[in-house]
Amino acid sequence: MERRRLGAVVTAVFIAMQLLCACEKLGTETKEPVHVGLTCYNQSDTFLEQMIECFREELEELEHDATEVTITIRDACGSQRTQNDQVKELIDAGCNVLCVNLVDRADPSEIIDLAREADVPIIFFNREPVAEDLMQWDRLYYVGAHAEQSGMMQGALAADVIEADSRIDRNRDGKIQYVILEGEPGHQDAIIRTEDAVDTLINRGVMLEKLSCGIANWNRAQAQNRMMQMISEYQNRIELVLANNDDMALGAVDAYKKLNYTESALPVFFGIDGTDVGLQAVVDGELSATVYNDKEGQAQVMAKLADALVSGKGMDGIALERGRYVYVPYAKVTVENVGEFLRRQY
Ligand code: BGC
Ligand code: CA
């Protein structure tokens, strides 16, 4: 009798355990794996390389939350046609969310059609499609930052430095002779950053004289070349260099180094991004200041959004503008606060 009762208890416990396991399994099954397919306009871009690294780290965090996460990364090497093919390949390989850094931000139609046919949502990032394209389908999103804000911050930083040091006006004519190093034509960050930086300086009452403007496509080596040409034309007349990103500001610094300019004959340099090399240049005093393009913040939003789009849960926790945009704020970086930003680096 005793033995029979014991047997019944053992059987009941066994059944309960089986049920528990089955429920647990069901629980994990409801969490769909996230397979991210990412393609980037050019992976040798300093900012994007670091931003994508942050994104990988954010996805690893997601994995700790018991979601299976994979990421496949493709480099379009500057060709929209290559990027279109990559999107097709990523969809065929089973990616259930796409992160696209367009080569040509005016030409996303083929990619949108491919994604829509397969019902795979797209998060565009850093290179903003025009609004009409983003409205083509309701599973399209954009994560980036407001170009105007970075331009205004760069102008304000330059005004602060110029007001605080009368030696910057080296020829003492009451005006600041300046040159611009501009990013790719057609990129939302290039012209807007330039215009807003210059307007902010003017509004702050700084008298300006523009000497020249060179396009260097975000690239350090190209910026060095453009700057060498400008120096040979204007010699030591240049007092201020405004660059649309840190890599181009550093290319300008490289040009002066190559020509062995002494410190007293150097202009002041301003960048945007706060890449590792950019922040270090602020620490070393080579750049007077930069503007932080918050790659950690952007990567975090992208990871959250990717997860929410796949699982269909958690969208409420993401602050979307007009239902599909997230703009992460920029921040001013000077030698006084650069330490805070260095600590954010992994
Ligand atoms: C960054 C640049 C980068 C470009 C690429 C910009 O937002 O400031 O450094 O080269 O995006 O699209
Ligand atoms: Ca002057």
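The values are calculated or read from the model by the stated rules, or taken from the named source; none is laboratory data. The model shown is predicted, which means the values in this text are computed figures rather than measured ones. Methodologically, a virtual Cβ is constructed for each residue, glycine included, from the backbone with ideal geometry; neighbour enumeration extends over all protein chains shown. Please note that ligands, DNA and RNA were not included when accessible areas were found on the heavy atoms of the full protein model with its side chains. Shrake-Rupley method; radii C 1.70, N 1.55, O 1.52, S 1.80 Å.
A few remarks follow.
- Using only the C-alpha atoms, the convex hull of the range 74-148 corresponds to 85 Å³ per residue.
- Cβ-derived FRET efficiency at R0 41 Å, residue 167 paired with residue 44, nearest 0.05: 0.65
- Between the alpha-carbon centres of the range 107-145 and the range 311-338 there is a gap of 18 Å.
- Shape annotation for the chain: C-alpha extents along the principal axes are 108, 45, 35 Å, from largest to smallest.
- 20 Å Cα-Cα reach of residue 304 towards lysines, excluding residues that sit fewer than 8 places from it in its own chain: 31, 295, 313
- Degrees between helix 190-203 axis and first principal axis of the chain (Cα, 0 to 90, nearest 10): 50 degrees
- In the range 215-267, the portion of solvent-accessible area held by carbon and sulfur atoms comes to 44 percent [1.4 Å probe, whole percent, DNA, RNA and ligands not counted].
- Rounded accessible area per residue of the chain, 1.4 Å, Å²: 48 Å²
- Cα-only Debye scattering, the range 194-314: base-10 log of I(q)/I(0) at q = 0.09, 0.12, 0.16 Å⁻¹: -0.32, -0.51, -0.79
- Eligible lysines near residue 175 by straight Cα distance, threshold 20 Å, same-chain separation 8 or greater: 210
- From largest to smallest, the equivalent ellipsoid semi-axes obtained for the range 169-227 from the alpha-carbon gyration tensor read 23, 16, 6 Å.
- Percent of Cα-Cα distances greater than 13 Å, calculated over the range 99-141: 43 percent
- Net charge of the neighbourhood of residue 44, taken over other residues with C-beta under 11 Å away and scored Lys/Arg +1, Asp/Glu -1, is -3.
- For residue 79, solvent-accessible area (1.4 Å; no DNA, RNA or ligand), Å²: 40 Å²
- Estimated [θ] at 222 nm from DSSP helical runs (n ≥ 4, -39500 (n - 2.57)) normalised by residues in the chain, nearest 500: -15500 deg cm²/dmol
- Exposure check, 1.4 Å probe, all protein chains in place: residue 341 carries approximately 10 Å² of accessible surface.
- Protein-only accessible surface at a 1.4 angstrom probe places the residues 230, 135, 207 in the order 207, 135, 230, largest first.
- Using alpha-carbon coordinates, inclination of helix 246-258 to the longest axis of the chain, degrees: 40 degrees
- Computed over the range 118-241, the ratio Rg/Rh where both radii use C-alpha atoms and Rh is Kirkwood: 1.10
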